[in-house]
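The values are calculated or read from the model by the stated rules, or taken from the named source; none is laboratory data. Source: prediction; values computed, not measured. Here the Cβ positions follow ideal geometry from the backbone for every residue, glycine too, while neighbour counts run over all protein chains shown. Protein only, heavy atoms only, side chains kept; ligands, DNA and RNA dropped before computing areas. Shrake-Rupley method; radii C 1.70, N 1.55, O 1.52, S 1.80 Å.
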Amino acid sequence: MTRQLESETQAPPSLPATGPVPGLLVCALATAIAMAVNWWLPMVSPLLIAIVLGAILTNVAPLGLRYAPGVAIAARPLLRIGIALLGFQLVFGDILGLGAGVIAVIVCVVVFGIRGMLWLGAKLGLSPAQRLLIACGTSICGAAAVAAVDGVIDADDEDVATAIGTVVVFGTMLLGLLPLAVHFLALGPEIGGIWVGASVHEVAQVVAAGGMIGSGALAVAVVVKLGRVLMLAPVMTVISLRQRRHAPAGKRPPLVPLFIIGFLACVTLRSVGVVPDAVLTVAGYVQVALLSAAMFALGTGVRISALRAVGPRPFVLGAVGTTWIVGLGLAGALLVG
C-alpha cells in the first residue's frame, strides 16, 4: 500500500514534485483566461474570475501534488508583489489636492467603516479573520484589500473567497445604483464624485460609476477612491501590530509588512515623477496579473462544503456594511461639497 501511494504521488523526473514550474504554468493560464474575460466584460473583476476558476477546478478535478509548490508561490510571494505594485496607481499630490475636508471624509469612511463592520460581524458570529477581510474589502478597495489583509493574517482560503465574492457582488450593485441616486437627489458632479469615490468598492467600479455621472464627477471620484487605496498602508500596519501582540515570540510578523513598504515605495516613485509612463502601463498589467494568479491559487484551496457551512452571514455583513459605507460617504460628501 505504501509503495502504491508513493507511485501515485511521485512526479515524472522531468517535472519533480518539488519544482514550481507546473503550478506556476497553471496559474499563468488561469490568469490569462481571467484577464481575457475582464477585457471582454470590464465590469467583472479578473480577481473574482480567477478565484472562481480555482474553486471550480479544485472541486471538479483537483490539482495533484506536483502543482503545489508553484501554487504556493502564487498564493503568497506573487500576492505581496502585486499589492506593492498597486502603489504605482497613486500620486501623493493628487490626494493632498483634495483638501483637508475630503481627506477627513476618506479617513472617516475607512476607519468607521471597518470598526462598524467588525462590530456587526462579531454580532453575526463570524470568525475574526472573515469579518476583518470583509470589512477591509468593503471599506478600502475591494478584492485588493482582501488580498492585502490575507497577506498579513494568512486567513483560510474559504474566508478569502467568501470575502472577495461579497465585496464584488455589492460593489457591482453600487455601480448601477449610485449614479441613479446622484441623479435622483440632484447632486452636483463634485458631490456625486466624492460620494461614489468614498463608497464604491473596486477602483474599476468607481471609474464606471463616475463615468455614468459625467466627466467632472469621474475625475473627483477616482482621486477620492485612490485616497482610500492609500489607506491600505496604515490599516495593514495596524493589523500587523495587532497580530504581533497575539503571536508567539518566534512567529511575530514585522512591525510594517515588507509588501506595504514596497507599496509606499511605489507610491513615492510615482509621486516624484521618475517612472516613465510606459513603465507605469506595464506595471499596471503586471499588478493585475499577479493578483489574479494569487486569487486563482487561493481558489484552489476552496471547498464547496466549507462554503455551505458558512451560510448567508457573510453576505448579510456585506449588505449592511455596504449600506453603512454608502451612508458615511453621502454624509461626508454633503458636508464638504
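Mean separation of Cα pairs under 8 Å and 6 or more residues apart, divided by the residue count, gives the chain a relative contact order of 32 percent. Among 255, 264, 178, the residue with the largest mean-square fluctuation in a Gaussian network model of the chain, with springs joining Cα atoms closer than 10 Å, is 255. The Stokes-Einstein estimate for region 111-171, based on a Kirkwood radius over Cα pairs and taken at 37 °C with 0.692 mPa s viscosity, is a diffusion coefficient of 299 µm²/s. Put a dot 7 Å past the Cα of residue 246, heading toward its Cβ, do the same for residue 76, and the two dots end up 2.0 nm apart.
At a probe radius of 1.4 angstrom, the accessible area of the chain per residue rounds to 46 square angstrom.
The modelled label-to-label distance between residue 32 and residue 61, using points 7 Å beyond Cα along the C-beta direction, is 1.6 nm. Here the spin labels are modelled as points 7 Å beyond Cα on the Cα-Cβ line, and at residue 68 and residue 40 they lie 3.4 nm apart. Taking only the Cα atoms of region 166-284, the radius of gyration and Dmax are 17.9, 57 Å. What the phi angles of region 156-161 give under the Karplus curve with 6.51, -1.76 and 1.60, with θ = phi - 60°, is a coupling list of 5, 4, 5, 5, 5, 4 Hz, glycine and proline written as x.
Under a Gaussian network description of the chain, with springs only between Cα atoms under 10 Å, the residue in 171, 54, 93 that fluctuates furthest is 93.
Say R0 is 41 Å: what FRET efficiency, to the nearest 0.05, do residue 313 and residue 265 get from their beta-carbon distance? Before the final figure, lay out the partial values.
Details: r = 38 Å, r/R0 = 0.93.
In this case the efficiency is close to 0.60.
Rounded to the nearest 10 degrees, the inclination of helix 232-246 to the longest alpha-carbon principal axis of the chain is 50 degrees. The shape of the chain can be summarised by an equivalent ellipsoid whose semi-axes, obtained from the alpha carbon gyration tensor, come to 35, 21, 20 Å from longest to shortest.
Measuring how big region 36-189 is from its alpha-carbon positions, Rg and Dmax come out at 17.8, 58 Å.
State, to one decimal in nm², a quarter of the convex hull surface area for the C-alpha atoms of region 223-329, i.e. the direction-averaged projected area. Don't skip to the answer; put the middle values down first.
Details: hull surface 40.5 nm².
With every direction weighted equally, the projected area is 10.1 nm².
For the residues 36, 161, 204, a GNM of the chain with alpha-carbon springs under 10 Å puts the largest fluctuation on 36.
Summing +1 for each Lys or Arg and -1 for each Asp or Glu, what net charge is found among the other residues whose Cβ lies under 15 Å from the Cβ of residue 310?
Details: positive: 131, 303, 308, 313; negative: 156, 157, 158, 159.
Residues near residue 310 contribute 0 overall.
Residues in region 68-76 carry Karplus couplings, in order, of 4, x, x, 5, 5, 5, 5, 6, 10 Hz; the curve used is 6.51 cos²θ - 1.76 cosθ + 1.60 with θ = phi - 60°, and Gly or Pro positions show x. For residue 238, project a label point 7 Å along Cα to C-beta. Then give me every residue of region 296-325 with its amide nitrogen under 16 Å of that point. Backbone N within reach: 325. Any chance you could give the angle, 0 to 90 degrees and rounded to 10, that helix 46-60 forms with the longest Cα principal axis of the chain? Helix 46-60 sits roughly 30 degrees off the main axis of the chain.
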